[in-house]
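Okay, structure first, notes after.
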Ligand SMILES: NC(=O)c1ccc[n+]([C@@H]2O[C@H](COP(=O)([O-])OP(=O)(O)OC[C@H]3O[C@@H](n4cnc5c(N)ncnc54)[C@H](OP(=O)(O)O)[C@@H]3O)[C@@H](O)[C@H]2O)c1
């Protein structure tokens with residue numbers, strides 16, 4: 001199969017598209033025939049060497065597709081199921097990837113693989129912020145920095161659905177409009193306004 005590998009760290013030029021054996025899922029793993037993979041900032045940190053990885057290495061931690069095979073002991077998935085993951089292991093930039101079944105989730109009908117691969121980590125980030133760090137209650141007010149970013153747009157929609165009043169910061173009028181469209185009640189243009197004063 002085709003996969004991206006790096007043998008040294010550096011700029012995008014260190015990415016190599018190579019032929020490698022299709023993985024065989026080990027005990028507790030599922031092999032996903034990938035339809036989409038997520039690209040995230042951490043990929044560039046690992047590629048550049050800012051976050052050290054053992055070389056040679058694959059890249060990419062997020063992906064989604066169809067389960068092609070399951071390893072010994074896997075009961076949660078069967079071949080043909082749709083699955084996604086977002087916490088590695090490294091090597092998502094590949095036609096297929098073997099991941100621990102415990103790190104994968106089922107992808108429901110109606111959610112494309114592109115959306116699952118791109119949105120799962122952002123969604124989980126929003127989930128822990130809104131439900132675990134503090135369980136946001138109706139009537140509470142929350143402040144979302146980078147409200148028009150990938151995580152911010154999910155936070156705004158989810159917090160609004162929970163009944164919170166959402167204050168967001170954004171860097172431009174266009175981003176402010178986007179945040180408002182996604183449930184942000186009050187947007188602070190932090191480049192020209194005093195955020196603390198506006199929040200108060
Ligand atoms: N994406 C993930 O899966 C994920 C997972 C865990 C944690 N996080 C964290 O969540 C935060 C938002 O991530 P994201 O994926 O939503 O990012 P994003 O979509 O790339 O949005 C980032 C936004 O942050 C704002 N920003 C403010 N100061 C900045 C600066 N000095 N440099 C760059 N951007 C700046 C910019 O919006 P304005 O111009 O509107 O301010 C920028 O568009 C980050 O701190 C990230 O590390 C992300």
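The values are calculated or read from the model by the stated rules, or taken from the named source; none is laboratory data. These numbers come from a predicted model, not from an experiment. Neighbour counts run over all protein chains shown; Cβ positions are idealised from the backbone, glycine included.
Scanning segment 96-106 turns up no residue that is within 9 Å of the ligand (Cβ to nearest atom), within 30 Å of residue 25 (Cβ to Cβ) and either touching a helix residue (DSSP H, G or I) at 6+ places or on another chain (Cβ under 9 Å) or assigned to a strand (DSSP E or B) (or both). Just one of (1) farther than 24 Å from residue 27 by Cα; (2) part of a helix (DSSP H, G or I); (3) touching a residue at least 40 places away in the same chain (Cβ under 8 Å) fails for residue 143. It is (2).
Quickly run through segment 36-55 and pick out the residues that are within 12 Å of the ligand (Cβ to nearest atom) and either in contact (Cβ under 8 Å) with a residue 12 or more places away in the chain or not assigned by TED's automatic domain parsing to the domain that holds residue 9 (or both). Selection gives 38, 39, 40, 42, 43.
Can you find a residue that is within 13 Å of the ligand (Cβ to nearest atom), surrounded by 14 or more Cβ atoms within 10 Å (Cβ to Cβ) and free of Cβ contacts under 8 Å to residues at least 40 places away in the same chain anywhere in segment 190-199? Outline the logic, then answer.
Taking segment 190-199 and keeping what is within 13 Å of the ligand (Cβ to nearest atom), we get 190-193, 195.
Among the residues that remain, those that are also surrounded by 14 or more Cβ atoms within 10 Å (Cβ to Cβ) are: 190, 195.
Subsequent filtering for residues that are free of Cβ contacts under 8 Å to residues at least 40 places away in the same chain retains 190, 195.
Yes: one or more hits.
Answer yes or no as to whether residue 159 is outside any loop (DSSP other than H, G, I, E, B), over 18 Å from the mean Cα position of the chain (by Cα) and within 9 Å of the ligand (Cβ to nearest atom). The answer is no for residue 159. Please count how many residues of segment 49-62 are on the phi < 0 side of the Ramachandran plot and surrounded by 14 or more Cβ atoms within 10 Å (Cβ to Cβ). The qualifying residues number 6. Among the residues examined, residue 151 does not qualify as over 23 Å from residue 118 (Cβ atoms) and either in a strand (DSSP E or B) or touching a helix residue (DSSP H, G or I) at 6+ places or on another chain (Cβ under 9 Å) (or both).
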